[in-house]
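Asker: Dumping the structure here so I can ask a few things about it.
The values are calculated or read from the model by the stated rules, or taken from the named source; none is laboratory data. As the structure is a computational prediction, the values presented were derived from the model and not from experiment. Backbone-built Cβ (ideal geometry, glycine too); neighbour counts: all protein chains shown. Keep in mind that these areas ignore ligands, DNA and RNA; they rest on the heavy atoms of the full protein, side chains included. Shrake-Rupley method; radii C 1.70, N 1.55, O 1.52, S 1.80 Å.
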Amino acid sequence: MGNMKLNLKIWRQAGPNDKGQMKDYPVSNVSEDMSFLEMLDVLNDDIVRKGDDPIAFDHDCREGICGSCSLFINGEAHGPGKGITTCQLHMRRFKDGDTIHVEPWRAQAFPVIKDLATNRSAFDRIQAAGGFVSINTSGNLVDGNAVPIPKDDADKAFDAATCIGCGACVATCPNGSAMLFTAAKVSQLSLLPQGKPERKRRALAMVEQMDKEGFGNCSNTGACEIECPKNISLEHIARLNREYLAATVTKE
Amino acid sequence: MITVPAKRTYRLAEVSANIIDQCVAQGVPFARDYGGLLDNRSFGGVQVSRTFYARGQTGQQLLLGAYSALMRQVGKGAVQMYDRHEMLDVVVVDGKARGIIARNLITGEIERHGAHAVLLCTGGYGNVFFLSTNAMGSNVTAAWKAHKRGAYFGNPCYTQIHPTCIPVSGTHQSKLTLMSESLRNDGRIWVPKNIEDAKAIREGKKKGSDIAEGDRDYYLERRYPAFGNLVPRDVASRAAKERCDAGFGVNKTGEAVYLDFSAAIERYGKLEANVKKIENPSKEKIIELGRAVVSEKYGNLFDMYENIVGENPYDHAMKIYPAVHYTMGGLWVDYNLQTTVPGLFCLGEANFSDHGANRLGASALMQGLADGYFVIPYTVGDYLADDIRTGPIDTKRPEFDAAEKEQKDRINHFLNNKGTKPVDDFHRRLGKVMWDKCGMARNAQGLQEAITEIRQIREEFYRDVRVPGKNSEFNQELEKAGRVADFLELGELMCMDALNRNESCGGHFREEYAETDGPQQGEAKRDDANYAYVAAWEWTGDAGKANLHKEALVFDEVKLTQRSYK
Ligand SMILES: Cc1cc2nc3c(=O)[nH]c(=O)nc-3n(C[C@H](O)[C@H](O)[C@H](O)COP(=O)(O)OP(=O)(O)OC[C@H]3O[C@@H](n4cnc5c(N)ncnc54)[C@H](O)[C@@H]3O)c2cc1C
Ligand code: SF4
Ligand code: FES
């Protein structure tokens, strides 16, 4: 155990209909090698031993892959540091005596489940609206090398594909827009020959679902790109806008 | 005669050729070369470049590809998703799997779902060790409950320990992070030759870079000249443990070895200088150029490492140590991926098939995708054909009542228990017993002790665990309690299985069974005459009294020989 002392201010909310409030939690014995979530584990361990209700938060892979961790720390999605998720944030970025505010993602489309855990299934529904290539998983397909893909396109598609659907972009956006997420999904597929045939339908359907879910409009503040743990570029939003425009113009 | 395991593996080899094509068609962005064709690279256990990849996150990209295919079906209404639900039991009616009991993790409601067939794709159980590279939510509950309803558990003790993970930093540690195996393509693994140097490093008096080239022991290259740093995972892991146990570990805990890129940086730097036509480049220039190449290849992994460890791996060699990564064992399945309970199928890491005692890199997703995409659509159809007139399954049957009651009683026990310790306390203790006594190296005495200790922890767990809150809410401690209860039974079975297998093979290394002399000295010693079988365990009502069934492994085309990476 380390010897950092911190003053945590954490959002507690019993359920979606509860009003919720910030509560103080002093913690000591924090080591700089701990991840932020491990620091919360230590706090929860203490809370349980005292017979109180531990703080709920989402997490799974704890290595920046699954996108489930989702804390708004000191006013920043995933806390300080660029290109990392909350689970990759380590306590060495904080100093002894710091006060740290911990809140859930706040967005109309992501209702709170409890405390710091939010329901982000709206993203699943955007994906289900068109974030795929319409082929069956039968294996009766042409050779993966039949259509060569220029390395540059493959690399760009890969950059977009690194989106983990965490929702930091939404939580950061003053309008609660899901443009960066949606753009990443649309871009990945529209850059690849396999995704091109469906590009019009995809862009229209995904944007329509995004609006339906109650996400706000994109006003190009660029905040999302700064907080995105996977450095998804605004370029993809520009691409989505082009895809969408082209699709609307040529729609039957 | 071809036995089922051999036939299944043969089929996997056949159908897996389509996986990359399938994934490409789904829009998975594999690496391409400049000609636009799919690129390959090398991986542990092979000497040729045979692995398709997507930078350092192939697994993740294949998963996202499968997710998009699934969401397409959800969008069509062909699949209904129940996210944030946990399966707690299988319901067996007249000998057939006819549904499940599940808990809605948000409302706590216990639900009954009737079904003509049940497919478990619930992943591996590496978290029985508490610390592993698996996600925190990975657990054995679904498979274990199926086991308790009659499904045999195959080879439970076969665990893969991955050599390149970030070492444990303290007691707060909640999981271990894997550094991609691809790093072994360019990184060289070593510890100091002299024990004094290792000691000085541990005490912070020396750094890795202070150790002269001649004083470094590149032990994999020394012991396995043909494969060097690319020996299979089990061999690399055991070799690291061997050095650290002998006192050559290089971090505070003594459980770490170096993974060093300085040679690669220099080699790439020289090549770059040639490409850039720089004559007589300075050492600094070479390093600068080389770092750029290494950063291009592994930059994200290096950043990840620096983030966790707080040390720049370009300046200081990385420190790594083996960690639990994958479980080859799992529910026993037949050629159709059906368990010993008719109508209950098991796919992916949750089943025991295909990897034997030792899985090679990149093959987990190959198997999982083959199971799900190419095998089950045919075999489950075959099973359902006989049930075409069955009609909807009645979930009001007494079997559902009984299964639901059992789960509710267990939940109530946890919530009403007036214990003092959080769930993790018991999980951590179980994990330590498993790691120390049923981990990279095992012996009969340790395994016997482990069984006794696990029973004690289990008894204490039911008596002294404290689970706060109610059932009717999002209650993560309650979720964990149920999972740890199942791990506490599984752990005992794993030790029994390891104790039963009086030989060393793949990931299962029994210290009593190692080659004592000859070129393979110290390596695993199999006993094919007595143990060439799958151990399939049947639950008989108590974790310690499982019944062993043997499925013979028969080899017609290939002869069983000893592995050699020398
Ligand atoms: C860090 C890491 C890197 C890896 N990299 C590679 C790689 O590059 N190549 C490769 O081939 N393999 C790799 N592997 C291994 C591979 O990822 C796994 O073996 C594979 O994902 C297993 O797939 P699965 O679908 O069988 O199980 P999982 O992916 O584990 O999925 C199981 C799912 O079931 C859910 N579940 C479990 N129990 C229940 C329950 N009771 N009720 C409801 N849901 C439940 C879980 O939440 C989970 O979503 C890697 C593994 C790890 C941990
Ligand atoms: S675009 Fe970035 S911030 Fe948004 S969901 Fe994807 S990874 Fe998260
Ligand atoms: S827990 Fe998976 S990304 Fe943080």
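Asker: So, in nm, how far is label B:Tyr10 from label A:Asp153 when the simple model puts each one 7 Å beyond its Cα toward the Cβ?
Answerer: 4.1
Asker: While we're here: Which of A:Thr182, A:Thr162, A:Thr118 ends up with the largest GNM mean-square fluctuation for chain A, with Cα atoms connected below 10 Å?
Answerer: A:Thr162
Asker: Let me check something: with ligands and nucleic acids excluded, how do B:Ser472, B:Ser504 order by accessible area (1.4 Å probe), largest to smallest? It would help to have the intermediate numbers written out before the result.
Answerer: Details: B:Ser472 75, B:Ser504 0 Å².
Result of the area sort, largest leading: B:Ser472, B:Ser504.
Asker: Which whole-number percentage describes the relative contact order of chain B, with Cα contacts under 8 Å and a sequence gap of 6 or more? Walk me through the numbers before you get to the answer.
Answerer: Numbers: 1054 pairs, mean separation 115.3, N = 566.
Relative CO of chain B lands at 20 percent.
Asker: Of the candidates A:Ser187, A:Ser233, A:Ser177, which one comes out as most mobile in a Gaussian network treatment of chain A with C-alpha springs shorter than 10 Å?
Answerer: Result: A:Ser233 has the largest fluctuation of those listed.
Asker: Another question, then. I need the per residue convex hull volume for chain B, using only the alpha carbons, in cubic angstrom as a whole number. Provide the component values of the computation, followed by the final result.
Answerer: Numbers: hull volume 97.3 nm³, N = 566.
So the per-residue hull volume is 172 Å³.
Asker: Shifting gears a bit: Taking a point 7 angstrom from the Cα of B:Glu288 along the C-beta vector, which residues in region B:260-274 have backbone N less than 13 Å away?
Answerer: Residues passing the 13 Å test: B:273.
Asker: Under 14 Å from the 7 Å Cα→Cβ point of B:Lys421, by amide nitrogen: which residues of region A:16-59?
Answerer: Within reach of a label on B:Lys421: A:49.
Asker: Something else now. Compute the distance in nm between two label points, each set 7 Å from the Cα along the Cα-to-Cβ direction, one at A:Arg106 and one at B:Val93.
Answerer: 5.0
Asker: Sticking with this structure for a sec: Loop-only GluC sites (Glu not before Pro) in region B:30-129, please: DSSP not H, G, I, E or B, and at most 15 other Cβ atoms within 10 Å. Intermediate results must be reported in sequence, preceding the final value.
Answerer: Values: sites: B:Glu86, B:Glu109, B:Glu111; in loops: B:Glu109.
The qualifying sites are B:Glu109.
Asker: Can you pull the accessible area of B:Glu196 for me, 1.4 Å probe, Å² to the nearest 10?
Answerer: 120
Asker: While we're here: Taking trypsin sites (Lys or Arg not before Pro) as candidate sites, keep only those in a DSSP loop with at most 11 other Cβ atoms within 10 Å, then name the longest stretch of chain A containing none of them. Could you put the intermediate results ahead of the total?
Answerer: Values: sites that count: A:Lys19, A:Lys50, A:Lys82, A:Lys95, A:Lys251.
The answer is A:96-250.
Asker: Roughly how many Å² is the accessible area per residue of the protein assembly as shown, as a whole number, for a 1.4 Å probe?
Answerer: On the way: 33380 Å² over 818 residues.
That works out to 41 Å² for each residue.
Asker: Now for a separate question. I'd like the carbon and sulfur percentage of the solvent accessible area for the protein assembly as shown, probe radius 1.4 Å, heavy atoms only, ligands and nucleic acids excluded. Intermediate results must be reported in sequence, preceding the final value.
Answerer: Numbers: 16920 of 33380 Å².
Percent of accessible area from carbon and sulfur atoms in the protein assembly as shown: 51.
Asker: While we're here: I want the local charge near B:Glu349. Using Cβ-Cβ distances under 14 Å, sum +1 for each Lys or Arg and -1 for each Asp or Glu among the other residues. Working shown, then result.
Answerer: Details: positive: B:Arg359; negative: B:Asp354, B:Asp371.
The answer is -1.
Asker: Rg/Rh for chain A: what does it come to with C-alpha atoms and Rh from Kirkwood?
Answerer: Working: Rg = 20.4 Å, Rh = 19.6 Å.
When Rh is taken as the Kirkwood radius, the ratio is 1.04.
Asker: Given the C-alpha atoms of region B:164-322, compute the convex hull and give its volume per residue in Å³. It would help to have the intermediate numbers written out before the result.
Answerer: Working: hull volume 19.1 nm³, N = 159.
Per-residue hull volume (Cα only) is 120 Å³.
Asker: A further question on this structure: So which residues in region B:307-323 end up with at least 50 square angstrom less accessible surface once the other protein chains are there, compared with the chain by itself, probe 1.4 angstrom?
Answerer: The answer is B:Asn307, B:Ile308.
Asker: Sticking with this one: Out of region B:42-121, which chymotrypsin sites (Phe, Trp or Tyr not before Pro) are coil in DSSP terms and have no more than 16 other C-beta atoms within 10 Å? Working shown, then result.
Answerer: Numbers: sites: B:Phe43, B:Phe52, B:Tyr53, B:Tyr67, B:Tyr82; in loops: B:Phe43, B:Tyr53, B:Tyr82.
Passing sites in region B:42-121 are B:Tyr82.
Asker: Could you sort the residues of region A:18-67 by number and keep only those whose accessible area is reduced by 40 Å² or more in the all-protein-chain setting relative to the chain alone, 1.4 Å probe?
Answerer: The answer is A:Asp33, A:Glu38, A:Val48, A:Arg49, A:Asp60, A:Arg62, A:Glu63, A:Ile65 - residues whose exposure falls by at least 40 Å² when every protein chain is included.
Asker: Given 0.36 nm per residue, what is the gain on full extension from B:Phe555 to B:Lys205 after removing their alpha carbon distance, in nm?
Answerer: On the way: separation 350, 0.36 × 350 = 126.00 nm, distance 5.46 nm.
120.5 nm is the gain from fully extending B:Phe555 to B:Lys205.
Asker: For B:Ser49 and B:Tyr34 in one chain, what is 0.36 nm times their gap in residues minus the Cα-Cα distance, to one decimal in nm?
Answerer: On the way: separation 15, 0.36 × 15 = 5.40 nm, distance 1.69 nm.
In short, 3.7 nm is gained.
Asker: Taking the protein assembly as shown, how much of its Cα-Cα pair set, in percent, is spaced more than 54 angstrom apart? It would help to have the intermediate numbers written out before the result.
Answerer: Values: 25956 of 334153 pairs.
Percent of Cα pairs beyond 54 Å in the protein assembly as shown: 8.
Asker: Still on this structure, I have one more. Chain pair A, B: how much accessible area is buried, both chains summed, with a 1.4 Å probe, in Å² to 100?
Answerer: Working: alone 12940 and 25880 Å², together 33380 Å².
When A and B are taken together, about 5400 Å² of accessible area is lost.
Asker: Give, as a single signed number, the net charge of other residues whose beta carbon lies under 12 Å from the beta carbon of B:Met328, with Lys and Arg counted +1 and Asp and Glu -1.
Answerer: Charge balance in the 12 Å sphere: -2.
Asker: What aspartates and glutamates sit close enough to A:Lys95 to cross-link, taking a C-alpha to C-alpha distance under 15 Å and skipping anything fewer than 8 places away on the same chain?
Answerer: Once the sequence-local aspartates and glutamates are set aside, what remains near A:Lys95 is A:Glu32, A:Asp33.
Asker: Another question about this same structure. Report, in debye and to the nearest 20, how large the dipole of the protein assembly as shown comes out about its Cα centre when Lys and Arg carry +1 and Asp and Glu carry -1 on their Cβ.
Answerer: Values: 102 positive and 109 negative charges, 150 e Å.
With Lys and Arg at +1 and Asp and Glu at -1, about 720 debye.
Asker: For B:Asp315, what charge total do you get from the other residues with a beta carbon under 12 Å from its beta carbon, if Lys and Arg give +1 and Asp and Glu give -1? Let's see the in-between values first.
Answerer: Numbers: positive: B:Lys207, B:Arg291; negative: B:Asp260, B:Glu306, B:Glu311.
Taking every Cβ under 12 Å from that of B:Asp315, the sum is -1.
Asker: Also, I was wondering about something else. For region B:462-566, run through the chymotrypsin sites (Phe, Trp or Tyr not before Pro) and keep only the ones in DSSP coil with at most 14 other Cβ atoms within 10 Å of their Cβ. Let's see the in-between values first.
Answerer: Values: sites: B:Tyr462, B:Phe474, B:Phe487, B:Phe509, B:Tyr513, B:Tyr531, B:Tyr533, B:Trp537, B:Trp539, B:Phe555, B:Tyr565; in loops: B:Phe474, B:Phe509, B:Tyr513, B:Trp539, B:Phe555, B:Tyr565.
Answer in residue order: B:Phe555.
Asker: Express in Å², to the nearest 10, the accessible area of B:Arg238 obtained by rolling a 1.4 Å probe over the protein heavy atoms while all chains stay in place.
Answerer: My reading of the accessible area for B:Arg238 is about 40 Å².
Asker: What residues does region B:158-190 have that are buried by at least 20 Å² of accessible area in the full protein assembly compared to the chain on its own, 1.4 angstrom probe?
Answerer: B:Ser169, B:Thr171, B:His172, B:Ser174, B:Lys175, B:Thr177
Asker: Once a ≥ b ≥ c are taken as the square roots of the eigenvalues of the Cα gyration tensor of region A:121-249, is the result rounded (a/c under 1.5), prolate (a/b larger than b/c) or oblate (a/b not larger than b/c)?
Answerer: Numbers: a/c = 1.85, a/b = 1.56, b/c = 1.19.
Verdict is prolate for region A:121-249.
Asker: Compute the normalised compactness of region B:268-383: alpha-carbon radius of gyration over 2.2 N^0.38 Å, N being the residue count. Write down the numbers at each step before the final one.
Answerer: Numbers: Rg = 23.3 Å, N = 116, 2.2 N^0.38 = 13.4 Å.
For region B:268-383, the normalised Cα radius of gyration comes out at 1.74.
Asker: Given the rule -39500 (n - 2.57) for each run of at least 4 DSSP H residues, summed and divided by the residues of chain B, what is its mean residue ellipticity at 222 nm, to the nearest 500 deg cm²/dmol?
Answerer: Details: 16 runs with 214 residues, N = 566.
My calculation for chain B gives -12000 deg cm²/dmol from helical runs alone.
Asker: Next question. Over chain A, what is the relative contact order in percent, taking alpha-carbon pairs closer than 8 angstrom and at least six residues apart?
Answerer: On the way: 451 pairs, mean separation 49.0, N = 252.
Worked out over chain A, it gives 19 percent.
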